[in-house]
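Worksheet for the structure shown next.
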Amino acid sequence: MKNWSGTYEFTAPEIVAPESVDELRRVVAGARRARALGTRHSFNGIADTAGTLIDVMSLPEEVVIDEAAGTATASGNLRYGVLAQHLEQAGFALHNMGSLPHISVAGAIATGTHGSGNGNGNLSSAVRALEIVGADGELRTVRHGDPEFPGSVVALGALGVVTKVTVAVQPRYLIRQDTYRGLSWDTLLARFPEVSGGAYSTSVFTTWDQPQVEQIWLKRRLTTEDESVPDEYFGSARDQQPARELVAGIDENLTEHGVAVPWLFGLPHFRLDAQPSNGNEIQTEYFVALDDAGAAIGAVRRLADRIAPLLTVTELRTMAGDDLWLSPASGRDSVAIHFTWRNLPDEVFALIPAIEDALRPFSPRPHWGKLNRFTVEELQASYPRLGEQRDLVLRHDPEGKFRNEYLDALFGFTAGGERPEVTASMGA
């Protein structure tokens, strides 16, 4: 079995697909090692295991909306786009969505996956409760306000299999996304927080080697369908014809531009009923503080001649800081520097250290589900609460049932639960 893009092959000797929560509990209780597998949108070994890989996509799907509490409780295996459809039909909405509506709720939350917007937290920031199957096969619930909650949301699957997620919801709203072209690099680097803060959600797309920034997608939250939008933005011009082309080969699977649509059709970049992204690709992504955005992006641009030949496109997006221990936006408003690479693993993996060296002065954090070559020491320095996260994992899974090679290196564990000196590097 491979990941969604076909660029990572899982090595687990056994794969099971339980069809009920009770069956899932029995599988977990009887396994020596186990990991949950959702929509397979990871590009490294974070979801792999030397034991039983549990494909959760056959579990029952359910959405329960609590209007009084302003929350919705969804099955963890539900795709975000499906959850969004349920909410829209009931008159509700999420505060944000990722670029792909195809990803599972639990998987996206476990890795700190995000949408965009200076004032919008990542998807995990909306979580209010989690139902988890622990190492003993028993169900437990962690709620917002519990002491363990900040370490239980972006937990990388290390605490168990999440079966239900409760998230905050709000009344439905409209989104209009427009494409602007011709932004100067000088403006972007000097005024990045202003550029990214001019709409509810902003995405900047570049291949790094062009004299101007290729595209900016502004997703504005509207009150009426006929609300007007400006033709100029920081010196860039709005496409008068609602084009839907990001890069060659990606057009008809993109969401609508130039018109007001319900939030679930405007916040993601890709349609739920079409292929996500380009496919056959490799992804890396790094988070730095929003205050450092201009300097960090400028440092990466100095590598443009090496990046561009291997790249499909880069996207720059922002998110508000949060208090979740392993969230890439923990403790700081952040900008994400994302790379969608051509499927050239040797060349890409050889280039990654140069990008990480360029970003190192800005304390970068990697997206947990994407390729990186950070050492464990660097990750520990980037996440000051990592020690508490390690203690939380030991408390709920002392034998390491839900850990794997990736997490053992991150937390400094051997397979038996000891804590050796950590020198291993993280990567594919």
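Every number in this text was worked out from the coordinates using simple rules, so none of it is lab data. Just so we're clear, the structure is a prediction, and the values are computed from it rather than from any experiment. Positions of Cβ are backbone-derived with ideal geometry, glycine not excepted, and every protein chain shown enters the neighbour counts.
How about segment 74-144: which GluC sites (Glu not before Pro) there lie in a loop by DSSP and see at most 12 other Cβ atoms within 10 Å?
Glu138
Find, among the trypsin sites (Lys or Arg not before Pro) in segment 273-306, those assigned to loop by DSSP (not H, G, I, E, B) with at most 15 other beta-carbon atoms within 10 angstrom.
Passing both the DSSP loop test and the Cβ count: Arg302.
Please compute the contact order of segment 58-171 in relative form: average sequence separation of alpha-carbon pairs under 8 Å and at least six residues apart, divided by the residue count, as a percent.
It rounds to 30 percent for segment 58-171.
Grab the beta carbon distance between Asn280 and Ala168, set R0 = 30 Å, and tell me the FRET efficiency rounded to 0.05.
Values: r = 36 Å, r/R0 = 1.19.
The pair Asn280/Ala168 has a calculated efficiency of 0.25.
Looking at segment 354-417, I'd like the Rg to Rh ratio, where Rg is from alpha-carbon atoms and Rh is Kirkwood's inverse mean 1/r.
On the way: Rg = 13.0 Å, Rh = 12.8 Å.
Computed over Cα atoms, the ratio is 1.01.
With everything on Cα atoms, drop me the angle between helix 80-89 and the longest principal axis of the chain, reported from 0 to 90° to the nearest 10.
70
Just to confirm the filter: which trypsin sites (Lys or Arg not before Pro) across segment 1-107 are DSSP coil and have at most 13 other Cβ within 10 angstrom of their Cβ? Could you put the intermediate results ahead of the total?
Numbers: sites: Lys2, Arg25, Arg26, Arg32, Arg33, Arg35, Arg40, Arg79; in loops: Arg32, Arg33, Arg40.
Passing both the DSSP loop test and the Cβ count: Arg32.
What are the semi-axes of the equivalent ellipsoid for segment 123-281, taken as the square roots of 5 times the Cα gyration tensor eigenvalues, largest first, in whole Å?
Largest first, segment 123-281 gives 36, 18, 17 Å.
Would you mind calculating the gained length between Asp22 and Ala295 on full extension (0.36 nm times residue separation, minus the Cα-Cα distance), in nm to one decimal?
Value of the extension gain: 93.1 nm.
For segment 174-376, what is one quarter of the convex hull surface built on the Cα atoms, given in nm²?
Approximately 11.6 nm², given one-decimal rounding.
Which residues' amide hydrogens lie under 5 Å from the amide hydrogen of Met97, considering only partners 5 or more residues apart or on another chain, with H built in the peptide plane?
Ser116
For the chain, what relative contact order do you get, as a whole percent, if you take Cα pairs closer than 8 Å and at least 6 residues apart?
Value for the chain: 17 percent.
In segment 58-171, how does Rg compare with the Kirkwood Rh, expressed as the Rg/Rh ratio over alpha carbon atoms?
On the way: Rg = 13.1 Å, Rh = 14.0 Å.
For segment 58-171, the value is 0.94.
Which lysines, if any, have their Cα less than 28 Å from the Cα of Lys401, not counting same-chain residues under 8 positions apart?
By straight Cα distance, Lys401 reaches Lys2, Lys164, Lys370.
Any idea how far apart Asp305 and Ala50 come out in nm if each label point goes 7 Å out from Cα toward Cβ?
Reported label-point gap for Asp305 and Ala50 is 4.5 nm.
What distance in nm lies between label points placed 7 Å from Cα along the C-beta direction at Glu225 and Thr207?
3.7
Taking the radius of gyration and the Kirkwood hydrodynamic radius from Cα positions alone, what is the Rg/Rh ratio for the chain, to two decimal places?
In the chain, Rg relative to Rh is 0.95.
With all pairs of different alpha carbon atoms counted, what Kirkwood hydrodynamic radius in Å does segment 315-365 show?
12.6
Taking the 0 to 90 degree range and rounding to the nearest ten, how far is the long axis of helix 345-359 tilted relative to the main principal axis of the chain, both from C-alpha atoms?
Relative to the chain, helix 345-359 is tipped by roughly 70 degrees.
To the nearest 10 degrees, how steeply does helix 386-396 sit against the main Cα axis of the chain, on a 0 to 90 scale?
Computed tilt is about 40 degrees.
Quick one: grab the alpha carbon gyration tensor of segment 1-69, order the square roots of its eigenvalues as a ≥ b ≥ c, and give me rounded if a/c is under 1.5, else prolate or oblate depending on whether a/b is larger than b/c.
Oblate shape, in that a/c is at least 1.5 and b/c is the bigger or equal ratio.
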